[in-house]
1. Might you check whether a residue that is assigned by TED's automatic domain parsing to the domain that holds Ile314, over 26 Å from His156 (Cα atoms), touching a strand residue (DSSP E or B) at 6+ places or on another chain (Cβ under 8 Å) and assigned to a strand (DSSP E or B) occurs anywhere in the range 79-97?
2. From Pro322, Pro334, which residue is within 21 Å of the chain's Cα centre (by Cα) and assigned to a loop (DSSP other than H, G, I, E, B)?
3. Could you pull out the residue among Ser254, Ser274 that is crowded, with 21+ Cβ neighbours inside 10 Å, outside the structural domain of Ser31 (by TED's automatic domain parsing) and of a type in the set (Gly, Ala, Ser)?
4. Pick from Ile139, Ile126: which is away from ligand 1 (no atom under 16 Å from the Cβ) and of a type in the set (A, V, I, L, M, F, W, C)?
5. Quick check: is even one residue across the range 154-161 assigned to a loop (DSSP other than H, G, I, E, B) and either outside the structural domain of Ser220 (by TED's automatic domain parsing) or within 16 Å of ligand 1 (Cβ to nearest atom) (or both)?
6. Within the group Ile60, Ile73, Ile68, Ile111, which residue is within 21 Å of the chain's Cα centre (by Cα), surrounded by 15 or more Cβ atoms within 10 Å (Cβ to Cβ) and at pLDDT 95 or above?
7. What is the residue count in the range 300-316 for residues that are part of a loop (DSSP other than H, G, I, E, B) and within 13 Å of ligand 2 (Cβ to nearest atom)?
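The values are calculated or read from the model by the stated rules, or taken from the named source; none is laboratory data. Given the structure is predicted, the values throughout are model-derived calculations rather than measurements. Heads up, the Cβs are rebuilt from the backbone with ideal geometry, glycines too, and the neighbour counts pull from every protein chain shown.
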Amino acid sequence: MKILAIETSCDETAAAVVSKNPGESYVKILSNVVASSLMLHSKTGGIIPDVAAREQLKFIIPVIEKAIKTSKIKIEDLDAIAITQGPGLIGSLLIGVETAKTLSFLWKKPIIPVNHLFGHIYANFIQAPKLDAVQFPAIALLVSGGHTDLVLIKNHNNFKWLGGTRDDAAGEAFDKIGRLLNLPYPAGPTMEALAKNGDEKAFNFPRPMIGSRDFDFSFSGLKAAVWRETKKLGSSVNYSPSTINDICACVQKSIIEVLVRKTLKAAKKYNVKSILLGGGVAANQKLRDEIKLKTKIKFFFPEKGLCTDNAAMIGAYAAFHPEEKSWEKINANPELYFD
Ligand code: KG4
Ligand code: ZN
């Protein structure tokens, strides 16, 4: 089947055309277009929902047009339109959802509503150079700016949420700590780069909840510990580059240690055959390397460009779950979770 997918949950406006033949274990990308208003948000140190929504409006039609054109398929050949229904910012979501509904009405194509969180997990089901199929049961670690969740996947239709963050998400911890250090938003990639020249032993930051019996996470204590340290060091404008590098290295180490420990604990408990990584923080090379180093279980992670928000992942989930609906039944849902 051929699907036009649209994703507008936050600050990316994305459209993609994907295809999947029955029985195939991967989705193929025919086109994948992403426009981002991130540069605007890096100036304000975070996303302002109104600004993000206005930018979505600017980009939505050109992005869809480009995705269809570069896919070289005809609109008649599309089987469905997949759309991110939530979670996300309501203003941003509405632009994608209402556009998808309009196209569905005009083109007489069904809609497949997709939960953005499942989309991040299904970035692992997009055709990669290494064509190794995911085997179930699998554990997925979803780590983004808004989420840190562990999900047990028994098969394509059986998901069980095991635990998640009680406060800040892993990406949010990078971003908020980056702000303490005067780094641009989003700070995750910058902190990863600076950490390469830092000393992981320079500061002894906590590994919150690393030994807890559940699969929950908490990163606000880490942020508070870094804040206390920065108070001792004085104003961030006076930090030497090596101090900033050291803080980045130690923060990254703390976050990764907790993520890896809990993921492997869940993998062991549920005797899984695959581990999947998804979400923006999945682009972190150190996190990938640590998981690879510490387990022999098959480990899957999306290409770096497919870790952050994109529409191909939304199309991938839809292709495995072609639950078609008519446009009258679709509404944006900013609160959607793992149901
Ligand atoms: O999945 P995503 O694009 O958006 C959400 O749905 O949240 O994730 C964005 C998050 C940001 O918090 C960003 O700092 C983080 O992913 N991130 C990284 C890296 N690349 C992006 N965090 C650590 N290391 C990276 N290389
Ligand atoms: Zn996301």
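1. Scanning the range 79-97, I find no residue that is assigned by TED's automatic domain parsing to the domain that holds Ile314, over 26 Å from His156 (Cα atoms), touching a strand residue (DSSP E or B) at 6+ places or on another chain (Cβ under 8 Å) and assigned to a strand (DSSP E or B), so the answer is no.
2. That would be Pro334, the only listed residue that is within 21 Å of the chain's Cα centre (by Cα) and assigned to a loop (DSSP other than H, G, I, E, B).
3. Within the list Ser254, Ser274, the selection yields Ser254.
4. One residue alone meets the criteria, Ile139.
5. Let us first name the residues in the range 154-161 that are assigned to a loop (DSSP other than H, G, I, E, B), namely 156-157.
Cutting the leftovers down to either outside the structural domain of Ser220 (by TED's automatic domain parsing) or within 16 Å of ligand 1 (Cβ to nearest atom) (or both) gives us none.
Looking for residues that are assigned to a loop (DSSP other than H, G, I, E, B) and either outside the structural domain of Ser220 (by TED's automatic domain parsing) or within 16 Å of ligand 1 (Cβ to nearest atom) (or both), one finds none in the range 154-161, hence no.
6. Selected residue: Ile60, the only one of Ile60, Ile73, Ile68, Ile111 that is within 21 Å of the chain's Cα centre (by Cα), surrounded by 15 or more Cβ atoms within 10 Å (Cβ to Cβ) and at pLDDT 95 or above.
7. Here is the first cut: in the range 300-316, the ones part of a loop (DSSP other than H, G, I, E, B) are 301-303, 307-311.
Going one step further and asking which of them are within 13 Å of ligand 2 (Cβ to nearest atom), we end up with 302, 307-311.
Of the residues in that region, 6 qualify.
Yes/no matrix, rows are residues, columns are (1) among the basic types (Lys, Arg); (2) assigned by TED's automatic domain parsing to the domain that holds Pro87; (3) part of a helix (DSSP H, G or I); (4) at pLDDT 95 or above:
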residue	(1), (2), (3), (4)
Glu229	no, no, yes, no
Asn245	no, no, yes, yes
Lys262	yes, no, yes, yes
Lys296	yes, no, no, yes
